[in-house]
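The values are calculated or read from the model by the stated rules, or taken from the named source; none is laboratory data. Just so it is clear, the model here is predicted, and its values are computed rather than measured. Neighbour counts are summed over all protein chains in view; Cβ atoms, including those assigned to glycine, are modelled from backbone coordinates with ideal geometry. These accessible areas exclude ligands, DNA and RNA; they are computed on the full protein's heavy atoms, side chains included. Shrake-Rupley method; radii C 1.70, N 1.55, O 1.52, S 1.80 Å.
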Amino acid sequence: MTGVTKPSPAVIDVVLPCLDEAAALPWVLDRIPPGWRAIVVDNGSTDGSARIAAERGAHVVTAPVRGFGAACHAGLLAATADVVCFCDCDGSLDPRLLPDVAGPVLDGAADLVLGRRRPTTFRAWPPHARLANVRLARLLRRRTGLRLHDLGPMRAARREALLDLGLTDRRSGYPLQMVVRAADAGWRIRETPVPYAPRTGRSKVTGTWRGTWHAVRDMSAVLHEPPAATGTRRDGTAAARTEVSR
């Protein structure tokens, strides 16, 4: 961690999309920064995940429509803090690193910060998932000009600005659509490295070729959407596309 000053209580909501993550939830929730609120979005779990989350003090939201994007967006709609973070709750990412991700947004230095995953072991990120990520990053650069290395699930932005993007994807394309529409609106987008460990339990997406293929299909559809109209910044000035830092 880089020593970013932690914000005062209730400044940040952390959206945790959840589908059968009972084994990882205690570890994840115990690492939410003090004073931040965990919003666990149950997306049809059958292993008691919602109960475990509630017992540990998380705000539990139900997203009845299956899909990663559906869960993320339900959490965004439930959030009330000015700044919202997103993080997987499978134990692959340590929520204690969230202050590093949210820091530039809180300081006004960036509009969207993405955690660039750095695998701690070879097993953390299967080869087929890495290749798919590289391919999508190249397509994203062609579409937006952004030199991103990863489309990781740990990220931070301001809630109202995210809602203004009008995100519509409710499947695996949601994280990419967020980045594409943010780029079209001229957001300042930055990456920061975060360790990426093997997840607890079996992956629903990157753990299988089929899951990865479905994710790539959903994201490819997002990349073929027409560019959004040039947006306006909250201070009223015209938005201009800005390249991310490396």
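Read through the list (1) at positive phi; (2) touching a residue at least 12 places away in the same chain (Cβ under 8 Å); (3) open to solvent by 20 Å² or more (accessible area, probe 1.4 Å), then give the number of the only condition that Gly108 fails. Only one criterion in (1) at positive phi; (2) touching a residue at least 12 places away in the same chain (Cβ under 8 Å); (3) open to solvent by 20 Å² or more (accessible area, probe 1.4 Å) is unmet by Gly108, namely (2). Looking at (1) polar (S, T, N, Q); (2) in contact with a Ser or Thr (Cβ under 9 Å, 6 or more places away or on another chain); (3) over 23 Å from Val194 (Cα atoms), which is the one condition that is false for Thr62? Condition (2) is where Thr62 drops out. The C-beta contact set for the range 116-143 (first residue open to solvent by 30 Å² or more (accessible area, probe 1.4 Å) and assigned to a helix (DSSP H, G or I), second residue modelled with pLDDT under 90 and not basic (Lys, Arg), distance under 7 angstrom, 6+ apart or interchain) comprises Leu139/Leu223; Arg143/Leu223.
Looking at Leu167, is it crowded, with 22+ Cβ neighbours inside 10 Å and of a type in the set (A, V, I, L, M)? So Leu167 fails the test. Reported count of residues in the range 59-72, each being touching a helix residue (DSSP H, G or I) at 6+ places or on another chain (Cβ under 7 Å) and within 12 Å of Arg171 (Cα to Cα), is 3.
Got a sec? Which of Leu98, Leu93 is buried (at least 21 other Cβ atoms within 10 Å of the Cβ), touching a residue at least 40 places away in the same chain (Cβ under 8 Å), in contact with a Cys (Cβ under 9 Å, 6 or more places away or on another chain) and assigned to a helix (DSSP H, G or I)?
Numbers: Leu93 fails: assigned to a helix (DSSP H, G or I).
After ruling out the rest, the residue left standing is Leu98.
When each of Arg234, Arg241, Arg181, Arg210 is tested for being part of a helix (DSSP H, G or I), of a type in the set (Lys, Arg) and at pLDDT below 85, the lone residue that passes is Arg210.
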